[in-house]
1. Could you tell me which of the residues 205, 259 is assigned by TED's automatic domain parsing to the domain that holds residue 295 and either surrounded by fewer than 23 Cβ atoms within 10 Å (Cβ to Cβ) or at pLDDT below 95 (or both)?
2. Among the residues of the stretch 69-89, count how many are under 18 Å from residue 135 (Cα atoms) and surrounded by fewer than 19 Cβ atoms within 10 Å (Cβ to Cβ).
3. Tell me, yes or no, whether the stretch 168-177 has at least one residue that is surrounded by 21 or more Cβ atoms within 10 Å (Cβ to Cβ), free of Cβ contacts under 8 Å to residues at least 40 places away in the same chain and touching a strand residue (DSSP E or B) at 6+ places or on another chain (Cβ under 7 Å).
4. Does residue 306 count as within 19 Å of residue 190 (Cβ to Cβ) and either modelled with pLDDT under 90 or not assigned by TED's automatic domain parsing to the domain that holds residue 167 (or both)?
5. Does any residue of the stretch 80-89 turn out to be outside any helix (DSSP H, G or I), at pLDDT below 80 and either out of contact with any helix residue (DSSP H, G or I) (no Cβ under 8 Å at 6 or more places or on another chain) or not assigned by TED's automatic domain parsing to the domain that holds residue 34 (or both)?
6. Any idea how many residues of the stretch 216-251 are in a loop (DSSP other than H, G, I, E, B), over 16 Å from residue 303 (Cβ atoms) and in contact with a helix residue (DSSP H, G or I) (Cβ under 8 Å, 6 or more places away or on another chain)?
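The values are calculated or read from the model by the stated rules, or taken from the named source; none is laboratory data. Remember, it's a predicted structure, so these values are computed and weren't measured experimentally. A quick note on method: Cβ atoms are made from the backbone with ideal geometry, for glycine too, and the neighbour counts reach across all protein chains shown.
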């Protein structure tokens, strides 16, 4: 990038340098100084837009600005390419008879070396350098988001903050009182002190009758008095599980279940979050609960499985 910037300065202050003479038998190549400078300016805007993209990426990560700056870089590159194709590149065809040479390959190599030695920083070379710099900048912009991935991005994103004794709090940071959740009710809870934006921090707590529970033997005490907690992140595409279906008339109603509104994956809260409908590939991870002496809901351990969509590494759950 530094190389073509230096070349641009040399061109702007030394535009009087003559172009190499045309080859014998060919008409002189027409020049378009204004078009060339406009193409150069458009190519210079490409790395500028990429720099702004990088600044936004590392500071605010505003998706609208990221799209605008990256799209602008591609737009500048496309405009420069179109202008160069229509105004700078030769549009006519010339046929040059090849003279008889004793050593045509060696002669061509010598002529190329002589021509390159006399060119200096010509407009043609500058445009080539600018195009190379713009292409490198675009490639860097496309690779830049990969820095966020790291060696195991999905593990980092779904790393759980839960541990035994950690209280569940609401969106305001207040501890959740178990019996404040009415039968058939639900509330979103978070790990106390953890970043609410972390995927594994949020859970959905439901209240069902204890006799409705049919949890696996190893989870017998995970839902005290009918209070059960499950990850709020759907195991299909990572949407927020926000709907709770609770039967009003047992003989004709289905079991209590959590439903993801995106693709309607449905999870049975009575049996430990097993999928009973929809495209999700595995159960919703359950968080073991306890009720402390103050009546607050606290975690009794970590999730039963890895939080997040199945395509994040179901074999590791």
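1. Numbers: 205 fails: either surrounded by fewer than 23 Cβ atoms within 10 Å (Cβ to Cβ) or at pLDDT below 95 (or both).
Checking each option against the conditions leaves just 259.
2. Matching residues across the stretch 69-89 total 10.
3. Taking the stretch 168-177 first, the residues surrounded by 21 or more Cβ atoms within 10 Å (Cβ to Cβ) are 168, 176.
Still in the list and also free of Cβ contacts under 8 Å to residues at least 40 places away in the same chain: none.
There is no residue in the stretch 168-177 that is surrounded by 21 or more Cβ atoms within 10 Å (Cβ to Cβ), free of Cβ contacts under 8 Å to residues at least 40 places away in the same chain and touching a strand residue (DSSP E or B) at 6+ places or on another chain (Cβ under 7 Å).
4. On the way: within 19 Å of residue 190 (Cβ to Cβ): yes; either modelled with pLDDT under 90 or not assigned by TED's automatic domain parsing to the domain that holds residue 167 (or both): yes.
It is true that residue 306 is within 19 Å of residue 190 (Cβ to Cβ) and either modelled with pLDDT under 90 or not assigned by TED's automatic domain parsing to the domain that holds residue 167 (or both).
5. Looking only at the stretch 80-89, we keep the residues that are outside any helix (DSSP H, G or I), and these are 89.
Filter once more, so that each one left must be at pLDDT below 80: 89.
Subsequent filtering for residues that are either out of contact with any helix residue (DSSP H, G or I) (no Cβ under 8 Å at 6 or more places or on another chain) or not assigned by TED's automatic domain parsing to the domain that holds residue 34 (or both) retains 89.
For the stretch 80-89, residues outside any helix (DSSP H, G or I), at pLDDT below 80 and either out of contact with any helix residue (DSSP H, G or I) (no Cβ under 8 Å at 6 or more places or on another chain) or not assigned by TED's automatic domain parsing to the domain that holds residue 34 (or both): present.
6. 1
Matching residues to (1) under 27 Å from residue 271 (Cβ atoms); (2) in contact with a helix residue (DSSP H, G or I) (Cβ under 8 Å, 6 or more places away or on another chain); (3) at pLDDT 95 or above:
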residue: 172; (1), (2), (3): no, no, no
residue: 184; (1), (2), (3): yes, no, no
residue: 193; (1), (2), (3): no, no, no
residue: 213; (1), (2), (3): yes, yes, no
